[in-house]
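Below is one structure, written out as structure tokens; comments come after it.
Nothing in this text is a laboratory measurement; each read-out follows from the coordinates by a stated rule. The shown structure was predicted, so the numbers you read here are calculated from the model rather than taken from an experiment. Note that each Cβ is placed from the backbone with ideal geometry, even for glycine, and that neighbours are counted across all protein chains shown.
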Amino acid sequence: MVSSLKSLLDITNAGSQSIVSQVADLKEQYRQAADQAKVYGLDYQVILDKGDAIAARTIAREKLSLSQADQSVAARDLAAKGDQEGADLANFDVSAAQQVQQLEDNWEGYLGDTYASNQDYAVQMADLEKTLADERLQIQQTYADKAAATALEAAEKQKQIQDEIQDQALSSVSSVFGSLSSYVQGLGVSDASPLSVEDQYKLANDNFNTDYQAAVGGDYDALSRIQTESQTALSLDKQWLGSGVDYANAYQDQLKQLQSLGNMGADAFTSNLAKQLAAQQVDATAQVRKAVQDMQAAITAELKQFMRSASIKGAA
């Protein structure tokens, strides 16, 4: 009996043996001990059950160790493929299993086989499992927050791109309608106009004087049209008035008006333009709407001028 028990203690020295061989030897030693106990009339089944339990735990722990090693390799592979969350969770699961196993081993070493029924052990294990669950959830939450932040950033960037595209489109449309408006405004005094030279002369000077008064008030858009309208008005002045004193007076009057604009300085026009640009930034759609309205107004004015001229000619 003593010899058999001693051999049970010595079995752990067989380090060169495989775990499977060690377990087989362990079970054999317990079987032999049980046989001797049976000879003495002792409860040999308890010894057999003890051997089977130790063997089962030994195999289970070894399989767990092998499984954890495989999980660690799998975690590295996940990280290599870019799945860092999966890698972190896999590594955490390995660590969690090791912590649970360590707690079980500590209590088993302290109380033996009865540790599982101990209340203090149960409390500690419950606390550990709750903590591990919270920590795992925290890992998932951290990556979920990162994913949400990334998605939000991507959505904001996409919206910014769409807004920029929309602004560019609105700006282009506004520019086209602005050009059309200028074209319509100039039709009445162009070579294509059906108006007489006298009517064109009057219209050109009306256009110039209207924008001149607006420019005096600081209107940047009116100022931007002054040069073209001055050239058109002077050209028609010369056609209608000839090269005599009347044209010279008209020419001198326009120079004085242009000089007065130059004497105003840039502050008023700068302020007006700044307000326009700020308004365009706030509402590009309104800018397009205004450009369309300006073009419609120019067409209406041109039609009125044409109809008035036509009616005068008809009456004559």
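Using the Cβ of ASN272 as centre and a radius below 10 Å, the other residues enclosed give a net charge of -2, where K and R count +1 and D and E count -1.
Once you treat every alpha carbon in region 2-117 as an equal point and sum by Debye, what is log10 I(q)/I(0) at q = 0.20 Å⁻¹? Result of the Debye calculation: -1.11. Positive contributions from Lys and Arg (+1) and negative ones from Asp and Glu (-1), summed over other residues with Cβ under 14 Å from the Cβ of ASP70, come out at -1.
If the cut-off is a Cα-Cα distance under 18 Å, which aspartates and glutamates reach LYS38, setting aside same-chain residues fewer than 8 apart in sequence? The qualifying aspartates and glutamates are GLU28, ASP49, ASP52.
Using the Cβ of ASN118 as centre and a radius below 12 Å, the other residues enclosed give a net charge of -4, where K and R count +1 and D and E count -1.
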